[in-house]
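Peer 1: First the structure, which I've put down as structure tokens, then a few questions once you've had a look.
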Amino acid sequence: MAIVETNVPASQKRTGKHLVFRLAGEEYGFPILKIQEIVQWLELTRVPRVPDFILGVMNLRGKVVPVIDLHVRFGLPPAPVTPRTCVIVLQVQRETGLLVSGVVADDVMEVVDVPVEQIESPPEFGARVSTEFIAGIVQIENRVILLLNAEKVLDSRDWTFVEKVLEEKDQAHE
């Protein structure tokens, strides 16, 4: 992992804003432009026969939104719901158009401005471990934040499954 240095004056350096949140004590970030909103935890409607990383769906102002548990998806220990638990609503670009989906966060921390040249490439763990969902890693003071690629947090088969759940829920409401 190498930091790319540039000779661009500080006033002209590009930065990217990321929403930093916590999962199982670790810090992650999504690009702020992928985030539609953050909503307080609410009870979800369970959907039968879905993968265990899909917690269910929620009603967001009349729109059905699937909610994904990144704890399960990332192989992390499950976390209890607390007063700080929330759902980050993402807008994910798919071949079929814009997909709105929620991900559970244990705690939303802050929005950080990350200079592009400080973002390191994710480490390689060998051919059997995919890190394509990690857009980069940034160190801020003594913290390490994994910046996530919203489109690749789930693989294409998983996103297709989420789309199918939405279609079935929409058809049930017609």
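Coordinate-derived values only; no laboratory data. Everything numeric in this text was worked out from a predicted model, so none of it was measured. Cβ atoms come from the backbone with ideal geometry, glycine included; neighbour counts cover every protein chain shown.
Peer 1: Does Gly102 qualify as being of a type in the set (Gly, Ala, Ser), out of contact with any His (no Cβ under 7 Å at 6 or more places or on another chain) and on the phi > 0 side of the Ramachandran plot?
Peer 2: Judged against the criteria, Gly102 is not a match.
Peer 1: Separate question: For Pro122, indicate whether it is surrounded by 13 or more Cβ atoms within 10 Å (Cβ to Cβ), farther than 19 Å from Ile35 by Cα and of a type outside the set (Lys, Arg).
Peer 2: Yes.
Peer 1: Of the residues that make up region 96-103, is at least one within 22 Å of Val20 (Cβ to Cβ), buried (at least 19 other Cβ atoms within 10 Å of the Cβ) and touching a helix residue (DSSP H, G or I) at 6+ places or on another chain (Cβ under 9 Å)?
Peer 2: Yes: one or more hits.
Peer 1: Could you give every pair whose Cβ atoms fall below 8 Å, whose first residue belongs to region 90-101 and is under 15 Å from Asn149 (Cα atoms), and whose second residue is exposed (fewer than 11 other Cβ atoms within 10 Å of the Cβ), counting only separations of at least 6 or pairs across chains?
Peer 2: So the pair list comes out as Gln91/Leu98; Val92/Leu98.
Peer 1: Next question. Please go through region 67-93 and give me each residue that is part of a loop (DSSP other than H, G, I, E, B) and loosely packed, with under 15 Cβ neighbours inside 10 Å, ordered by number.
Peer 2: Answer for region 67-93, where residues must be part of a loop (DSSP other than H, G, I, E, B) and loosely packed, with under 15 Cβ neighbours inside 10 Å: Gly75, Pro77, Pro78, Pro80, Val81, Thr82, Pro83, Arg84.
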